[in-house]
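Trainee: To start, I am sharing the structure in question, which I have written as structure tokens.
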Amino acid sequence: MSPQSLDLRPAPGLMDTLAEQPLDPMLMVLHLLRNDPRPDKIDLGIGVYRDDSGHTPILQSVKAAERHLIETQTSKDYLSPEGDAAFVAALAPIVFGTEPDDTAWGMQTPGGTGALRLAAALLHRTNPDCRVWIGTPGYVNHAMLMQAASLEVIEHPFFDKPTQTLLFDAMMSALNEVRRGDAIVLQSGCHNPTGVEFSHDQWQVLAQFLNDRGVVPVLDMAYQGLGSGLDDDAWGLRHVLTQVPEALVCVSGSKNFGLYRDRAGALWVQGSNPNSVRRARTNLNLMARTLWSMPPDHGAAVVRIILTTPQLNALWRSELDVMRERLTGLRHDLATAVPEFETVKRQSGMFSLLPLDRDQVTRLRIEHGIYMVESGRINIAGLNQGNLPVFASALRSVL
Ligand code: LMR
């Protein structure tokens, strides 16, 4: 071989083989927003609660529980992959309305996202051929989380953005194609991104169908208490659990306790008998160990202290009421200011998916400094008495 024919270029490294990835749509909004120097920009992007001054406050109940924790905590020794069992026990009656029996078992996870990721891993472990049905439009991370566990995702209709209608019949007819052993992701209360909710009748039809067809529900409740109240938001979840033998329940404390960065979440499994639940528990322990080993403690400890201290529990409930009532009030104000969008007042929780196209969303950003997810999803809590009239007039200008 002549020296000229030798390829002396360095071999591509492992990282060179990677394809560049786009930012998740939610993080894209955050990125664009942070790089916009306009002082009066309006942030309706990522789903965090904000008060009327645009601030994401730490709840007083959380502050008090944190003070108590700092004063009384004597060790930061490891707990276990299951996390803080007393946190899970304190949260269970809020989620289920009663104490779960021995056919259900729960563990702490890093946020609701951790619960979903672990649920996906369990589904794959129990049935690698399980296909996961997800309504569209849905929460952007649901499909990615299921796919990360090598599960196939199938979308079914859920909501028509132009007419702001829940597509229950279209959904049920698409679901006719389910196979026994498939799973479905269902949000209970405060749907992200649409703010619409099944009626009780629709939940009943759906629950019966899931039982008849052997489909495992993955019930995601990330905003309990921010829609119609702690019990009302959980109605669908609780009803489904009475109708099906097996289910996975994923819960987040990020929004209703305002603990976003502290990652307090939980996963429960409901099984057909105590033995199957015990087997699931051993598998979940093993899988959590390889995903994050042990969940972070602080947020869960704070929730445990709040829920087990009557005075803090009452304070937290009243703070949750304030957040929910503010969201409901803003929905009414927006519907009054822009009658074309009056459906927002019939929706609930933190989000609505406005009937805007991508060009309109881009114009709102460029011409008015208003940020929302490119789909047209707005975080209602980003509105306040100061910016709502500005938002309403900008909306009218792009309609
Ligand atoms: C959202 O939808 O904005 C939140 O749930 C934040 C997130 O992690 O996506």
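The values are calculated or read from the model by the stated rules, or taken from the named source; none is laboratory data. Bear in mind the structure is a predicted one, so any value in this text is a computation, not a measurement. With ideal geometry, Cβ positions are generated from the backbone for all residues, glycine too; neighbour counts draw on all protein chains shown. Calculation scope for accessible area: heavy atoms of the full protein, side chains included, ligands and nucleic acids excluded. Shrake-Rupley method; radii C 1.70, N 1.55, O 1.52, S 1.80 Å.
Trainee: Taking segment 380-392 on its own, how many of its residues are part of a helix (DSSP H, G or I), away from the ligand (no atom under 15 Å from the Cβ) and out of contact with any His (no Cβ under 9 Å at 6 or more places or on another chain)?
Mentor: 3
Trainee: Taking segment 374-389 on its own, how many of its residues are in contact with a Gly (Cβ under 9 Å, 6 or more places away or on another chain) and surrounded by fewer than 23 Cβ atoms within 10 Å (Cβ to Cβ)?
Mentor: Qualifying residue count, segment 374-389: 3.
Trainee: Okay, moving on. Among the residues in segment 32-53, are any of a type in the set (K, R) and under 21 Å from the mean Cα position of the chain (by Cα)?
Mentor: The answer is yes, given that some residue of segment 32-53 is of a type in the set (K, R) and under 21 Å from the mean Cα position of the chain (by Cα).
Trainee: Another question, then. Please pick out the residue among R331, R326, R363, R317 that is more than 24 Å from M26 (Cα to Cα) and not aliphatic (A, V, I, L, M).
Mentor: Exactly one residue qualifies, and that residue is R317.
Trainee: Restricting attention to segment 156-186, which residues are acidic (D, E) and either touching a residue at least 60 places away in the same chain (Cβ under 8 Å) or within 20 Å of P355 (Cβ to Cβ) (or both)?
Mentor: D160
Trainee: I'd like the residue in segment 101-118 that is among the aliphatic types (A, V, I, L, M) and crowded, with 22+ Cβ neighbours inside 10 Å and, out of all such residues, is farthest from the chain's Cα centre (by Cα).
Mentor: Filtering first and then ranking leaves M107.
Trainee: Could you give every pair whose Cβ atoms fall below 9 Å, whose first residue belongs to segment 27-43 and is within 15 Å of I378 (Cβ to Cβ) and of a type in the set (S, T, N, Q), and whose second residue is open to solvent by less than 70 Å² (accessible area, probe 1.4 Å) and not in a helix (DSSP H, G or I), counting only separations of at least 6 or pairs across chains?
Mentor: Qualifying pairs under 9 Å: none.
Trainee: Can you work out which of the residues in segment 145-155 that are touching a residue at least 12 places away in the same chain (Cβ under 8 Å) and surrounded by fewer than 15 Cβ atoms within 10 Å (Cβ to Cβ) is farthest from R358 (Cα to Cα)?
Mentor: In this case the residue turns out to be S150.
Table: residues versus (1) part of a loop (DSSP other than H, G, I, E, B); (2) of a type in the set (V, I, T); (3) farther than 19 Å from T163 by Cα; (4) assigned by TED's automatic domain parsing to the domain that holds L27.
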position: R326; (1), (2), (3), (4): no, no, yes, yes
position: L330; (1), (2), (3), (4): no, no, yes, yes
position: L334; (1), (2), (3), (4): no, no, no, yes
position: K345; (1), (2), (3), (4): no, no, no, yes
position: S348; (1), (2), (3), (4): yes, no, no, yes
position: D359; (1), (2), (3), (4): no, no, no, yes
position: R363; (1), (2), (3), (4): no, no, yes, yes
position: I378; (1), (2), (3), (4): no, yes, no, yes
position: A394; (1), (2), (3), (4): no, no, yes, yes
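Trainee: Of all residues in segment 176-185 being under 18 Å from G236 (Cα atoms) and away from the ligand (no atom under 16 Å from the Cβ), which is nearest to the chain's Cα centre (by Cα)?
Mentor: Among those that are under 18 Å from G236 (Cα atoms) and away from the ligand (no atom under 16 Å from the Cβ), it is I184.
Trainee: In contact with a Phe, Trp or Tyr (Cβ under 6 Å, 6 or more places away or on another chain), over 24 Å from L123 (Cα atoms) and buried (at least 22 other Cβ atoms within 10 Å of the Cβ): does that describe G195?
Mentor: The answer is yes for G195.
Trainee: Looking at segment 62-172, what helices (runs of 4 or more DSSP H) fall wholly within it and have at least 3 residues that are away from the ligand (no atom under 16 Å from the Cβ)?
Mentor: Fully inside segment 62-172 and qualifying: 85-96, 111-126.
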